[in-house]
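Notes for the one structure printed next.
No lab work stands behind these numbers, since they all come straight from the coordinates. Just so it is clear, the model here is predicted, and its values are computed rather than measured. Quick reminder, even Gly has a Cβ in these numbers, built from the backbone with ideal geometry, and neighbours come from all protein chains shown.
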Amino acid sequence: MSTTAATGLPTPRAHRRRTTGGGVNTLPLVAPSVGLLLVFSLVPLAATLYFSVLRYNLLNPAVGGFAGWNNYKYLFRDPALFYSLFVSVALVVEVLIITVGLGMILASLFETNFPGRSIARILIVSPFFVMPTVSALIWKNLLMHPVNGFIAWVTRGLGLGVIDFFTDWPLSSVVIIVAWQWLPFAFLILLTALQSLDEETREAANIDGAGPIKVFFFIELPHMGRAASVVVLIETIFLLGIFAEIYVTTSGGPGIATTNLTFLIYERALLAFNVGGASAAGVIAIILANILATFLVRAIGKRLDT
Amino acid sequence: MSMRSKTQPVAGSFAWLAALLMFFPIFWMILASFKTEVGAIATPPQLIFTPTLENYRDILGRADYLSFALNSVIVSFGATALAILLAVPAAFGMAFYPTARTRGTLLWMLSTKMLPPVGVLVPIYLFCRDVGLLDTRTALVIMYTMMNLPIVVWMLFTFFKEMPKAIIEASRIDGANVWQTIVHVLLPLVLPGIASTALLNIILSWNEAFWSLNLTAHDAAPLTAFIASFSAPEGLFWAKLSAASTMAIAPILVFGWISQRQLVRGLTFGAVK
């Protein structure tokens, strides 16, 4: 975990000199936050692990006791689990490609000077501040509805016929909505990174005869690399937990076409009341998130150290 | 700066095109909120119409709308106040008196954000049910405080780090204790930092839609849950949905425009500046 070399954290060498904390006992200052976080992360985590080896169904209190690995065994025999894992990962990967790719192009465009730049920037970041349930319903009803939606009207006008988004392309439709919400985030972070680019580098490239396309690929793109990996890490954490957009638009359907792991656990736990099974799936969600997180943290750590 | 000061019409046009496309869904929703229900679903879509305030009047006239809005306000401001209260001393201690544990503590806080909420949904749901916290604002305030505490500590830590250490030492020499130093010397200096941290925290809590959908039913349901109720097939009132949505996002949109910069700082844990 060497992610924070650039974040102003004390390096190990720096606090060897100050191990006492400057003679001030900071424990009472730090303890409440750390203690509460510890309780609120470890206790539910332990409970999830515990429930996952129990026979525990809220609808059937007669059934109980220790289940051992049975919840996991049933889960791994269930094709829905593997499909939901696929949906989770596909959602993350597709949204990441769209938001980081378009985010880089947009950041590069907004680094130039043009009239009304700050207003255009405000417009572009707006989707990030719209609550997930609202953005899902705007897209589902006002835009993507096959009869009355705006997009249906446009495609009909162009003679392309009507796309029934949530029936024919359910997962892609969810990806579009989520990407719309997260593109502003990627854009803002990449733009922040780009603004730290040395103006002289760009000028030198211009004097050497590099056009805007070349400047983008050979100067701006490498400069945004670290910020892009931070975007990937943060977005992955949030995108694995995508819930409201699915809940409001497709409810995981048609069939299980848009059921990601988060939605699967919600269904098992709060609709089917299968606490044991849902907890086992929860453990898998935690493992998946941690595999991705360590993988990404390591990738970012390497970049920060060089 | 010579290049930046030169206007670039081609890049500018593309940037504006992208901005208008990105904003279009929000614009279209705001437009629909001023249409009649028939007008909102009309094909071809109405572009020129007589605006009506009927939808806003309807939504505001519903007794429950105000209770949903009130829940959103209480929960997001309450969770923010609590998180700031917990985080200010912690961030102060770690920024000004770092110990051998500080680095590890901060990284561990970051790591708690990697625990997926759904991984702990079952025990938290059952716990809330058993102690009678289901569908209460208290449950949401606690969850949101814990959810955002790492971000708040990190943001305040980076703000405190930028404060000159000499000021603290001077006030300590003058005989002020740690608490007096925080309240009388440091707080006035970092107030802008705390304000922007609070703003970001309010935005995140206001828009949160996992715990609010799972832990509330009606009494404590905030606007996120109220809007979700429009997804039911019998609730296809597009104009009213648009009016309710516009009111639900308007204050947060303005907050968001103000706090763009802090968003970068807070959500990347200071890794991008």
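Report the relative contact order of the stretch B:58-267, percent, no decimals, based on alpha-carbon pairs under 8 angstrom and at least 6 residues apart.
Details: 186 pairs, mean separation 71.9, N = 210.
Result for the stretch B:58-267 is 34 percent.
Taking label positions 7 Å along the Cα-Cβ direction at both B:H184 and A:F295, the computed distance is 5.5 nm, reported to one decimal. Across peptide A:187-193, the average count of Cβ atoms from other chains found within 10 Å of a residue's Cβ is 5. Mind checking the log10 I(q)/I(0) for the stretch B:58-267 at q = 0.09, 0.17 Å⁻¹? Debye, one equal scatterer per Cα, no solvent, two decimals. So the normalised log intensities work out to -0.43, -1.17. In order along the stretch B:51-57, the Karplus-derived 3J(HN,Hα) couplings, from 6.51 cos²θ - 1.76 cosθ + 1.60 at θ = phi - 60°, round to x, 10, 9, 3, 4, 5, 4 Hz, and Gly and Pro are given as x.
Computed 3J(HN,Hα) for the stretch B:95-105, one whole-Hz value per residue from the Karplus formula 6.51 cos²θ - 1.76 cosθ + 1.60 where θ = phi - 60°, is 7, 9, 10, x, 10, 5, 8, 4, 4, x, 4, glycine and proline marked x. Projecting each Cα onto the charge dipole of chain B (Lys/Arg +1, Asp/Glu -1 at the beta carbon, about the Cα centre), which of B:L236, B:P164, B:I124 comes out farthest on the positive side? Of the candidates, B:P164 comes out farthest on the positive side.
Based only on other Cβ atoms within 10 Å, what is the fewest-to-most ordering of B:Y125, A:Y83? The partial results should precede the final answer.
Details: B:Y125 22, A:Y83 17.
Final ranking by Cβ density, sparse to dense: A:Y83, B:Y125.
The overall shape of the stretch A:182-259 is prolate: from the C-alpha gyration tensor, with semi-axes ordered a ≥ b ≥ c, the ratio a/c is 1.5 or greater and a/b exceeds b/c. For A:N113, the amide hydrogen comes within under 5 Å of the amide hydrogens of B:Q8, counting only partners 5 or more places away or on other chains and with H modelled in the peptide plane. Site pair B:T43 and B:D219 shows an inter-label distance of 4.5 nm when each label is modelled 7 Å from Cα along Cα→Cβ. Helix-only arithmetic for chain A: the sum of -39500 (n - 2.57) across DSSP H runs with n ≥ 4, divided by the residue total, places the mean residue ellipticity at 222 nm at -20000 deg cm²/dmol.
Once a ≥ b ≥ c are taken as the square roots of the eigenvalues of the Cα gyration tensor of the stretch B:1-141, is the result rounded (a/c under 1.5), prolate (a/b larger than b/c) or oblate (a/b not larger than b/c)? Intermediate results must be reported in sequence, preceding the final value.
Numbers: a/c = 2.74, a/b = 1.29, b/c = 2.12.
Here the stretch B:1-141 falls in the oblate category.
Take every pair of alpha-carbon atoms less than 8 Å apart whose residues are at least six positions apart; their mean separation over the length of chain A yields a relative contact order of 31 percent. Distances between placed amide hydrogens fall under 5 Å for A:L54 paired with A:A67, all partners being 5 or more residues away or on another chain.
R0 = 30 Å: FRET efficiency of A:A62 with B:T138, Cβ-based, nearest 0.05? All intermediate terms of the calculation are to be shown ahead of the outcome.
Details: r = 33 Å, r/R0 = 1.09.
Efficiency computed from Cβ-Cβ geometry: 0.35.
Each residue of the stretch B:138-151 was assigned a 3J(HN,Hα) from its phi angle through the Karplus expression (A = 6.51, B = -1.76, C = 1.60, θ = phi - 60°), giving 4, 4, 5, 4, 5, 4, 5, 4, 5, 4, 9, 3, x, 4 Hz with x at Gly and Pro.
How would you classify chain A from its alpha-carbon gyration tensor, with a ≥ b ≥ c the square roots of the eigenvalues: rounded for a/c under 1.5, else prolate if a/b is greater than b/c, otherwise oblate? Each step should come with its number before you reach the end.
On the way: a/c = 2.38, a/b = 1.14, b/c = 2.08.
In terms of gyration-tensor shape, oblate.
Under the simplified labelling scheme, the A:V39-B:A170 pair shows an inter-label distance of 4.0 nm, with each label point 7 Å from Cα along Cα→Cβ. Each part gets one Cα centre, and for the stretch A:113-179 versus the stretch B:236-267 those centres are 16 Å apart.
For the stretch A:103-122, list residues with backbone N below 16 Å from a point placed 7 Å from the Cα of B:F27 toward its Cβ? Answer for this model: A:116-122.
How well do other chains shield peptide A:140-150, expressed as the mean number of their Cβ atoms within 10 Å of each residue Cβ? Partner Cβ neighbours, averaged per residue: 5.
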